[in-house]
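Notes for the one structure printed next.
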Amino acid sequence: MAKTLQERLGDRHNRLNAIRLALASLVVLGHAWPLTGADGPSLEVLSDVAVNGFFLLSGYLIAESRVRTGLVPYLWRRFLRIYPAFLVSLLVVAAVLAPLAAAIEGTSFDLASAAGFVLSNGDLRISQWGIDGTLTRVPAPDSWNGSLWTLFYEALAYLLIGLVLSLTVAARHARWVLPALFLVVLVLRPLVEGPLDVTTHLYLNGARLVGYFLAGAAVWAWAGTWRPTWVHVAGAAVVYAVLTDLGWADLYGQLPLAVLLLGLGAAPSDNWTTRTDLSYGVYIYAYPVQQLLVLLGTASWGVAANSLLVVLLTLPLALLSWKLVEKPALKAKAWLDPRDRPDRRVPSPEAEVSSAAAVEGHRTD
C-alpha cells in the first residue's frame, strides 16, 4: 500500500528542500523584470507564486513542529530559524554591499542611513528600503532588499498557529480546526479585496499569505490519511493551470498548489539538498546581489542571463549563511527545550518533518 504524506515526509529523504530552492530561484526570475527594467512581457507574477508556495510548505512544516513542541520552545525555534540570518543579511547589505555600490557609483556613502537600515528594519517590518547615496542608477532605486517584507507575515503566521494549537480542543481536533480556519480566510479574502475595499497593505498581504500558510497547515492535518500519487500531482497541476488562465489562481489556488508542491516534495530523494538548506539564504541575499549586478551593467545581458548569474553568485552566500549563521543558531534551541540538550536527547518523533528536518525547516521564505 502506498505511504501517506506524513510517512513520506517523516524523514529528510525527500525533495522539499529542492522544491524550496526552486521556488527561491523563481523569485529571482520574477524580480528580474522590475530590477533590470526589461521590456516585453513580464513574468513578475512568478515571484508571487513562489512566495505563495513558500508559505504553503511552511504551513505544513510548522503545524507539525507546533504539535510536537511546547509553545515557548516552539517560538524560540522559530525565532532562531529566521531572525539571526535575517539580521546578518541586513548587516551585510549595510556594511559591505551598500559601500561597494557607493564606490561603483562614485557617490557619498551615508553611514547614518546605513545604520538606520539595520535598526529600522530590525523588527522584521521593513520600513527603510534604501540607504542614502546608493542605488541611484538602477531601474528600481532606493530598494536594497525587496524580498524581506514577507518575513513579517511569516512571523505572524508562526504566532497564529502557535496560539491556535495551544488550545487543547484545537490541537485535539486539528484536522477540523485548521481546514476551518483556512476556509474562513479563503472566504474573507475576496471580500477584503472586493466589496470591503480594504486598502491597507497589512491586511491585504496578511489575508493572502496567512491564507496560503493555513492551506499548508490544513493539508498537514490530513497528512496521515492522504496517500499522494502522481495522478493527484498531475490533476493539481491541471487545476492550478486552469485557475491561472481564468485569473483566479492567487485567490483560489491554495489547495491545488499545496497538492502539487507537497506531492512533488514527497518524492524520495537523497542528495545534497536533503542535508543542506540553501533556500532561505538564496531568498534573503538574491535581491541585493541582483541590484548590485544591475548596477554593474548586467541588465543589458537580458533577463535569463542576469537571473542565472544572480543564482550562481547567491548560492555561495546562501551556503555561508547556512554554515556560519543558520545551522549554528539552531544549536541554541536546547536553551529553552531540555529535550534538545545532548545529555537528554533520545530518539523520538521530536525531529521536525522533512526539508531541514534535522535542523529545523524554514520558509521561507
Q) When the convex hull of the Cα atoms of the range 262-318 is projected onto a plane and the area is averaged over all directions, what value comes out in nm²? A) 4.8 nm²
Q.
Ignoring ligands, DNA and RNA, please state the percent of accessible area on the chain from carbon and sulfur, probe 1.4 Å.
A. 67 percent
**Q.** Stretch gain in nm, segment Leu43-Val118, where the contour uses 0.36 nm per residue and the Cα spacing is subtracted
**A.** 23.9 nm
Q. Over the range 31-179, what lengths in whole Å, largest first, do the semi-axes of the equivalent ellipsoid take, defined as the square roots of 5 times the eigenvalues of the alpha-carbon gyration tensor?
A. 37, 20, 9
Q) Using r as the Cβ-Cβ distance of Ala267 and Asp142, and R0 as 45 Å, what FRET efficiency do you calculate, to the nearest 0.05? A) 0.60
Q: Measure off 7 Å from each Cα along the Cα-to-Cβ vector at Ala180 and Leu204, then give the distance between these two points in nanometres to one decimal.
A: 3.1 nm
Q: On a 0 to 90° scale, report how tilted helix 150-164 is relative to the longest principal axis of the chain, with both axes built from alpha carbons and the result rounded to the nearest 10.
A: 20 degrees
Q: State, as an integer percentage, the relative contact order of the chain based on alpha-carbon contacts under 8 Å between residues 6 or more apart.
A: 35 percent
Q.
Considering all alpha-carbon pairs of the chain, what whole percent are spaced by more than 25 angstrom?
A. 54 percent
Q. At a probe radius of 1.4 Å, what is the per-residue accessible area of Phe109, in Å² to the nearest 10?
A. 70 Å²
Q | Estimated inter-spin distance, Val67 and Tyr252, nm [label 7 Å along Cα→Cβ] | A | 2.9 nm
Q. Could you give the angle, 0 to 90 degrees to the nearest 10, between helix 230-246's Cα long axis and the longest principal axis of the Cα atoms of the chain?
A. 50 degrees
Q: Could you work out how far helix 71-92 tilts from the main Cα principal axis of the chain, as a 0 to 90 degree angle to the nearest 10?
A: 20 degrees
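The values are calculated or read from the model by the stated rules, or taken from the named source; none is laboratory data. Being a predicted model, the structure only gives us computed values, none of them experimental. Here Cβ is always computed from backbone atoms with ideal geometry, including for glycine, and neighbour counts include all displayed protein chains. With ligands, DNA and RNA removed, areas are computed over all heavy atoms of the protein, side chains included. Shrake-Rupley method; radii C 1.70, N 1.55, O 1.52, S 1.80 Å.
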